[in-house]
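Only one structure is covered here, and it is reproduced in the block below.
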Amino acid sequence: MVSGMRARDNDDREDIDGNRIKSDAANTGVHALLGLHNDSFYGLTDGSAKTALLAQHSQDRYVKGDSYDWTTVNLRLIQEITQNFEMQYEGSYQYMDLRPEEYRNRNAVSGSFTKLTVAPTLKAGDVGDFLKRPEIRLFASWMNWDHRLDNYASDDAFGSKGFEAGDEWNFGVQMET
């Protein structure tokens, strides 16, 4: 998938108070995704598998000369156990090279993060069909990120108080209808 984007009147954007946001905002962009969708669990058993490679480049996004690059590899495996129960496994790796050119006092950083998820899932039927709903799943996700990302900014998630490289666990429940 390749997407082209064009924004009209970007130079005239205003915030809620009527102040001009940026006088030289980018007007165009490109987004690319390479994906592989299997109708089986990589030929080993029933289920499905989805693999994606995502890359994005942004330049002059907020200020002249800034650049933001992301490359992401994502793999989702769905293993059918019974007609109404499946195991979902997902792994993601993302590399970021963020060069904000001091926009909002943010610092240039580069680094990566890794996320692994296991999600036992209950479904109404037809496990092999990715879009069949409803389904409910428990999930456990582990995420680890590079310490070099800790200094990105003090006013958002990367760099805010308490944000440090290392292991994080998330547990939860998801429902899709």
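The values are calculated or read from the model by the stated rules, or taken from the named source; none is laboratory data. Being a predicted model, the structure only gives us computed values, none of them experimental. Quick reminder, even Gly has a Cβ in these numbers, built from the backbone with ideal geometry, and neighbours come from all protein chains shown. Ligands, DNA and RNA are excluded from the accessible area calculation, which covers all protein heavy atoms including side chains. Shrake-Rupley method; radii C 1.70, N 1.55, O 1.52, S 1.80 Å.
For the stretch 1-30, the candidate set comprises residues that are of a type in the set (S, T, N, Q) and more than 15 Å from residue 56 (Cα to Cα); within that set, the residue that is modelled with the lowest pLDDT is 23. Please enumerate the residues belonging to the stretch 145-166 that are at pLDDT 85 or above and open to solvent by 50 Å² or more (accessible area, probe 1.4 Å). Result: 147, 148.
In the stretch 125-132, is there at least one residue being open to solvent by 90 Å² or more (accessible area, probe 1.4 Å) and at pLDDT 85 or above? There is no residue in the stretch 125-132 that is open to solvent by 90 Å² or more (accessible area, probe 1.4 Å) and at pLDDT 85 or above. Just one of the listed residues (62, 93, 42) is exposed (fewer than 15 other Cβ atoms within 10 Å of the Cβ), aromatic (Phe, Trp, Tyr) and assigned to a loop (DSSP other than H, G, I, E, B), and it is 42.
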